[in-house]
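Working notes for the structure below.
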Amino acid sequence: MKRIVYLILIYLFCASFTLAAENISQDRDEVFLIDDAPFGVHKSRVKELIEMKTEYDEYGFSHKLKEVITNTIPSDEECLNTRRPAYLLEDITTKYFEKGPLDSLHTGFFYKGSIGTNIIHGGATHTEYANNNIENHFRGYFKNGKTSFNLSTRYTPRDDLNFWQFLIGDAFISHQITPHHRIVFGNSRTHTGEEGSKPDWMVPFISYSQIGRNFGNIRKFGARVIGEYDLVEYDLGGYSSDSYFREFFPGVEFTGWINLKPLGKTDGRYGDLKLGGGISSGHNDFTYNVIGAYARYQYKKFRADFEYANADGYNGNLGLSDNHARGMYTTVYYKIHPKVELLARYDKFQPNLGISDGDITEYVVGVNYYVKGQGLRFMLNYIFRQNSFDADSHRIILGTQIML
């Protein structure tokens, strides 16, 4: 029991701390990273741990917790790949089973918070703190090495949802049916746009792009097939058009995305190029359609992304809308050090072309400092926002992210 108390204290300490506030081949994106794991059979560590004769208490945690924490926080080398999750306490928050169908169960904690100063032209200046995201993650692997499940619970309140509607995030089962294909069934993040399909910890800035947060960044209940080859990868799914468990099956949605990888067989000698696009089409009170296109090139320390989306109605994270909206962004990244990344983004969004061609344009520059990869990241963003519908503004935001 004491060990559980210690873990809780560690979580609280890390959360309170946030309140106060080159190996390119390893850094390639996992585009269809559904369950925090790449394609391939899961390899059990049970036999290895038995041979090591590690002592566990009745809850599955190692003895000598302080010593274990010191020895199990991943090394800097393990955290170089900032496109992969890095749970700092994963080794001691993972339970392994010698018997039964389940091989392992991992529990993790994710926190992302920010404090920002907003300066409005001709208006007030104010500073606010935001809990961007607080989640618990639960991931289990079965002994067949091909089947896993994910469950995430969220604790950041939203005015338009009650506690129970927002509580459940991921809730799905994933099964590797062939070396190149997996099927996913349950509540999972749809591939509506490229950035909009990414979990929060993979977003390079503190916030998603405007098309990412309006059209995408949403989970829905359904079934999908995900494929990955050297030259192509795709994600095709059918879902209920409901979101956040508001109602039972109000309509059907299809979301499909395909990426071509022309340099996929060159072993990264000429960089990493992806060209893709997709559609999200469904019905919920009315019919909505979102189409998008994406391009990315990465070579050594440099990376550039471009994404465009046009929506004749949409059903994303910020709600259901019948507006005709359109947007695009382009982001450039440069790693001046394996732990330090400079970023710049041009982000334009037209929220309602049926009424006005006015737009909201954001010019963003930022710095990411990966203390322990995505396990501990500090972010500094400056945003100049030109707004056709309101006063222009400047924002300076300091953010912190931790994964335990």
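The values are calculated or read from the model by the stated rules, or taken from the named source; none is laboratory data. The model shown is predicted, which means the values in this text are computed figures rather than measured ones. Virtual Cβ from ideal backbone geometry, glycine too; neighbours counted across all protein chains shown.
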Inset, instruction - Look at ILE120 and say whether it is surrounded by 15 or more Cβ atoms within 10 Å (Cβ to Cβ), more than 18 Å from ASP35 (Cα to Cα), in contact with a Phe, Trp or Tyr (Cβ under 7 Å, 6 or more places away or on another chain) and aliphatic (A, V, I, L, M). - result: no
Inset, instruction - Among the numbered conditions (1) closer than 16 Å to GLY276 by Cβ; (2) crowded, with 20+ Cβ neighbours inside 10 Å, tell me where SER188 comes up short. - result: (1)
Legend entry - Enumeration of residues in the stretch 223-271 that are assigned to a strand (DSSP E or B), crowded, with 20+ Cβ neighbours inside 10 Å, under 19 Å from the mean Cα position of the chain (by Cα) and not acidic (Asp, Glu): ARG224, ILE226, TYR234, GLY237, THR255, TRP257, ASN259
Legend entry - Among (1) more than 18 Å from the chain's Cα centre (by Cα); (2) modelled with pLDDT of 95 or more, the one test that PRO338 misses: (2)
Inset, instruction - For the stretch 349-371, name all the residues that are part of a strand (DSSP E or B), crowded, with 19+ Cβ neighbours inside 10 Å and not small (Gly, Ala, Ser). - result: PHE349, GLN350, GLU362, VAL364, ASN368, TYR370
Inset, instruction - Search the stretch 125-150 for residues that are closer than 19 Å to GLY399 by Cβ and pair each with any residue that is surrounded by 16 or more Cβ atoms within 10 Å (Cβ to Cβ) and of a type in the set (Val, Ile, Thr) when their beta-carbon atoms are under 6 Å apart and the residues are at least 6 apart or on different chains. - result: TYR129/ILE115
